[in-house]
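Student: Here you go, one structure.
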Amino acid sequence: MASTQPITQTESEEAGKAARRRAPRSVQARWEPGPDRPDPVEILEEQDRTRVPELISIRHGRMLVSPFTFYRGAAGIMAADLATTPRSGLDVQLCGDAHLSNFGVFAAPDRRLIFDINDFDETFPGPFEWDVKRLTASFAVAGRDRRFKKSERREVVAKAAGAYREEMRRLAAERSMDVWYERIDLDQLEQYRSQVKRKVAKGFDKGRAKAESKNSLRALAKLTREENGELRIISDPPLIVPIEELVPKRKLKAVKAGLEDLVDQYRSTLSPDVRSLSDRYRYVHVAHKVVGVGSVGTRCWVVLLLGRDSSDPLFLQVKEAGPSVLAPFTSGARYKNQGRRVVEGQRLMQAASDIMLGWLTNDEGIDGGRRDFYVRQLWDGKGSAQIEEMTPYTMGLYAPLCGGALARAHARSGDRIAIASYLGGSDKFDQAMADFAEAYADQNERDYEAFSAAADSGRVAVTKDI
């Protein structure tokens, strides 16, 4: 990555041309499973071994809703597949799970809403094209879910790849400091809003208003109740389970003391100025909360802290971090603590990150064993696109936003000049990604069918509609 990139522009451009000889853009279009391809169900079963047993069937149920929801939970399967494809050798800090639902809006430290990647559980160094393939294939899979025509899907995918390529070429000509400060403010999209159809503009306004209201005060109203004069997180098992329902009463006092120690451990990973802010909040309550699709079964906690009074809440999400699905297939690991891996990767890729990002290690969890976690604000202006409502037109507008955001994230850590040189000025790479995305969407459907068969046979347990 950046520490080993060529020093001069000419050397970077030559590195991009050398990468073309190593892995021509045309070969990036290919996807064919090899005869020794691992069983996709076995990959998911292996992941289940480290998860909360009672929640695994919920994960399976959410993945079985459609081939698209299956794809969202199948980052480990695709990581193994990408490892068999040609590599450019142009490494960046990867998101590791850059599908279209892992982009969205959130509040930057200056409180303005920005658009960027918002999930980094699998972040790890690796070839830039792995993220691009994960992203473009997600548009093909989502397009099928929305019953788009093949030509419509291909156009959307080419727009995502084309935006990545064009943005990387633009950034290659920028000063390094300017690249670092690049970001997409929602205010910058007002011009885009004025150019789209009225119905789309109304949806944009509605989504923005919802994101702006999604904060700790809203979480307080939705997730808590008052009990004996104290605020407590509500019970809604199996999705939300307060600590009192997970721990025997005789152990509760010791567990609560341990939780306060963990909060202090987390605070030690914050910068001094932010720690001064966090010290104004006291621990009040904690509950286990199920989130997402692929993350279901990992240990994920919601922690309620209060400042001056009950109208001054801070909700933190404390999420288990295991090894990245990319780790077995590429080198470059920098951190032993997996929570820190996620946090440092996020800080490197995002234009602006949550000031409360931190990490901790719990040596003796409720169910035993040492586990790493990362910490962030639960709701901080977060919002995401409604994929299930998209038309070919609106997905065609969304795809370039994602492609451009991914290029900016990669340009922060990789050799943007070399990558731009590899991509070139023609649409050859865009069309290669369109071919790959459609071929991999076929593979995803085959894997979904195999997983469905495993559920029907009883091989994997399934709980639906949760």
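Student: What's the exposure ranking of VAL41, VAL263, going from fewest to most Cβ atoms within 10 Å?
Tutor: Lowest to highest Cβ neighbour count: VAL41, VAL263.
Student: OK, next. How far is it, in nm, from the label point at LYS206 to the one at ASP236 when both lie 7 Å from their Cα along the line to the Cβ?
Tutor: My value for the distance between the label points is 2.1 nm.
Student: What ³J(HN,Hα) values, in whole Hz, does the Karplus curve 6.51 cos²θ - 1.76 cosθ + 1.60 give for the stretch 401-408 when θ = phi - 60°, with x put for Gly and Pro?
Tutor: 4, 5, x, x, 5, 5, 4, 5
Student: If you average the alpha carbon positions of the stretch 91-162 and of the stretch 299-365, how far apart do those two centres end up, in angstrom?
Tutor: 21 Å
Student: Cross-link candidates for LYS210: which lysines have Cα within less than 21 Å, leaving aside residues fewer than 8 places away along the same chain?
Tutor: Partners found: LYS197, LYS199, LYS202, LYS222, LYS382.
Student: Once fully extended, how much extra length lies between LEU217 and GLU45, figured as 0.36 nm per residue of separation less the alpha-carbon to alpha-carbon distance?
Tutor: 58.1 nm
Student: Another one. Can you sort ILE43, ILE77 so the residue with the fewest Cβ neighbours within 10 Å comes first?
Tutor: Starting with the residue having the fewest Cβ neighbours, the order is ILE43, ILE77.
Student: Pop out the ³J(HN,Hα) list for the stretch 423-439 in order, Karplus 6.51 cos²θ - 1.76 cosθ + 1.60 with θ = phi - 60°, rounded to Hz; leave Gly and Pro as x.
Tutor: Calculated HN-Hα couplings, in order: 5, x, x, 8, 8, 4, 5, 4, 5, 5, 5, 5, 5, 4, 4, 5, 5 Hz.
Student: Ranked by Cβ crowding within 10 angstrom, fewest neighbours first, how are VAL462, VAL318, VAL325 ordered?
Tutor: Fewest-to-most Cβ neighbours within 10 Å comes out as VAL462, VAL325, VAL318.
Student: Using a Förster radius of 30 Å, what is the FRET efficiency between ILE466 and GLU260 based on their Cβ-Cβ separation? Nearest 0.05, please.
Tutor: With R0 = 30 Å, the Cβ-Cβ based efficiency is 0.45.
Student: Are any of the pairs LYS133/LYS319; LYS214/LYS464; LYS256/LYS289 more than 19 Å apart by Cα-Cα distance, and if so, which?
Tutor: As for pairs spanning more than 19 Å Cα to Cα, those are LYS133/LYS319; LYS214/LYS464.
Student: What does the extension gain come out to for ASP110 and ASP309, with contour length at 0.36 nm per residue minus their alpha carbon separation?
Tutor: 69.2 nm
Since every read-out is calculated from the coordinates, none of them should be taken as a lab result. All values derive from a computational prediction rather than experimental measurement. A quick note on method: Cβ atoms are made from the backbone with ideal geometry, for glycine too, and the neighbour counts reach across all protein chains shown.
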